[in-house]
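Step one of this worksheet: look at the structure below.
The values are calculated or read from the model by the stated rules, or taken from the named source; none is laboratory data. Every value quoted in this text rests on a predicted model; they were computed, and no experiment measured them. Because the Cβ atoms are built from the backbone with ideal geometry, glycine has one as well, and the counts that use them run over all protein chains shown. Areas reflect the complete protein model, heavy atoms only, side chains present, ligands, DNA and RNA absent. Shrake-Rupley method; radii C 1.70, N 1.55, O 1.52, S 1.80 Å.
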Amino acid sequence: MLAINGGKPVRETPIVARPAVYSEEVLQAIADVLKSGILTAQHGKWVKAFENELASYLGVRHAMAVANGTVALHTALKALGVGPGDEVVTTPFTFAASATAVLHANAVPVFADIDRETLNLDPASVEEAITDRTKAIVVVHLAGMPAEMDQFLKLADRYGVKIVEDTAQALGAEYRGRRVGSIGHVSTFSFYATKHITSGEGGAVATDVAAYAERAKLIRAHGEVGKYSYELLGYNYRMSEIQGVLAYYQLKQLPEMQKRRDAYVKVLLEELLPLEGDLITVPRPKPYVKHSWHLVQILLAIEKLTKPRDFVVEALRAEGIGNVFVAYPTPLYKTPLFQKREGHGLGCPWTCPYYKRKVEYKPLPNAEWAAERVVSLLVMPNLTEQDAIDTAKAIKKVLSEVKR
Ligand SMILES: Cc1ncc(COP(=O)(O)O)c(C=O)c1O
């Protein structure tokens, strides 16, 4: 009997996905920062050290640490000169920030459809969405799966638009031998607690282009050039020194943490093979990419089930699978923010006089297809091969109860 109906759960002790435990060395470094009294990046060494490590890890010239992944995107878009009257194409099947950062820059997000095999933006749909207003494309590497960068770079050349890689979910992933986040014109990262490396909150912007890096640094710190002289509209998007310590040591630990993610996912995917193509499909990486597994996305064959997807998720939780959730249940254009279009108030940026157009948010069939059937497992380095076995067991148990 399913645990949700009073049966015995697969796991008595539920699976909990947690970030890596910090070592004594990290605790000591934090104590040293506190004792030194130097808590800000301007005066300290840790944020700078982290930026150097991140730039060298990615193989790019410039990396700027910021407060989180959302402001990283805002900073990247503003560094590229995106503003009123511009359109930015992105995916509706992502976390809100990939699109709301465009609104923060006072530009209009335009959604293109996704590819069912990767759940990432479909280059053909992006091409259709490009207009003479398009300034940039925010390409999200969803769940750790690299997007088709070669094709986006071709579109960038053909239409004179810039590529922002939203790498919030994909640090460590590779596309044709290159680390994602080093391929587009500017890339952004999040170090939120569920991400590949974490400083609790945190983010970064990376680029090879000195002019974008210079603008990003100004945007991050009030546009200040010289003491109390302000060159452009900036913000306070800085990372603190304590976050810098955490991010620095986490990045050092990344390869080892990735090994543990990979080991969990390998077993999970093997165990799920009997269901594959029948009751589920799992988007698998193509041979020329390396997936970094922020999430394992499982697409349910909902037509073959007697219960809705949300029941399956609740039933899995009841079986003790604590890292199951839905990313993402609603394509962004269907959420009230994009339906009501209040934006900054008075309807901007959609009604901005510089825009002079009316964007329509039409249903995108593949995004809707994915949103109604996806079930997500958060992958973290603490998860074990036994956790993978139990998870597959719970999925088999639940699906065999609800299949037609
Ligand atoms: C794809 C994507 N972009 C941007 C963000 C925003 O990052 P943050 O939460 O650090 O602001 C997130 C996640 O949290 C994300 O998943």
- Before we move on, is Thr70 within 15 Å of the ligand (Cβ to nearest atom), open to solvent by less than 30 Å² (accessible area, probe 1.4 Å) and modelled with pLDDT of 95 or more? no
- Item | Inter-residue pairs, beta-carbon under 7 Å, first among the polar types (S, T, N, Q) and in the stretch 54-82, second open to solvent by 30 Å² or more (accessible area, probe 1.4 Å) and in a helix (DSSP H, G or I), 6+ apart | Thr75/Arg220
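Take the residues of the stretch 158-174 that are away from the ligand (no atom under 16 Å from the Cβ) and assigned to a strand (DSSP E or B): which is farthest from Lys286 (Cα to Cα)?
Per the criteria, the residue is Lys162.
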- Of the residues that sit in the stretch 184-203 and are of a type in the set (A, V, I, L, M, F, W, C) and either within 11 Å of the ligand (Cβ to nearest atom) or surrounded by fewer than 24 Cβ atoms within 10 Å (Cβ to Cβ) (or both), which one is nearest to Lys252 (Cα to Cα)? Phe191
- Taking the stretch 292-316 as the region of interest, how many residues are open to solvent by 40 Å² or more (accessible area, probe 1.4 Å) and within 22 Å of Pro381 (Cα to Cα)? 0
- Does Arg215 count as among the charged types (D, E, K, R), outside the structural domain of Ser376 (by TED's automatic domain parsing), over 26 Å from Ser36 (Cα atoms) and more than 11 Å from the ligand (Cβ to nearest atom)? yes
- Among the candidates Ala173, Ala143, Ala147, residue that is under 23 Å from Arg261 (Cβ atoms) and in contact with a Gly (Cβ under 9 Å, 6 or more places away or on another chain): Ala173
- Which of the following residues is of a type in the set (A, V, I, L, M), over 29 Å from Ala168 (Cβ atoms) and modelled with pLDDT of 95 or more: Leu316, Leu364, Leu383, Leu305? Leu305
- Task: Output the residues belonging to the stretch 88-121 that are surrounded by fewer than 24 Cβ atoms within 10 Å (Cβ to Cβ) and among the charged types (D, E, K, R).
- Result: Asp115, Arg116, Glu117
- Note on the structure: Among Val21, Val33, the single one that is more than 16 Å from the ligand (Cβ to nearest atom), at negative phi and buried (at least 17 other Cβ atoms within 10 Å of the Cβ) is Val33
- Count, please, the residues in the stretch 73-104 that happen to be of a type in the set (S, T, N, Q) and within 8 Å of the ligand (Cβ to nearest atom). 2
- Could you tell me whether the stretch 223-242 includes any residue that is farther than 20 Å from Thr75 by Cβ, open to solvent by 80 Å² or more (accessible area, probe 1.4 Å) and in a helix (DSSP H, G or I)? no
- Item | Residues of the stretch 254-279 satisfying the condition of being among the charged types (D, E, K, R) and assigned to a helix (DSSP H, G or I) | Glu256, Lys259, Arg260, Arg261, Asp262, Lys266, Glu270, Glu271
- So which residues in the stretch 128-170 are at positive phi and either of a type in the set (S, T, N, Q) or open to solvent by less than 30 Å² (accessible area, probe 1.4 Å) (or both), if there are any at all? Ala143, Gly144
- With a cut-off of at least 2 residues that are out of contact with any strand residue (DSSP E or B) (no Cβ under 7 Å at 6 or more places or on another chain) and without any contact (Cβ under 8 Å) to a residue 40 or more places away in the chain, name the helices (runs of 4 or more DSSP H) lying wholly within the stretch 289-401. 336-340
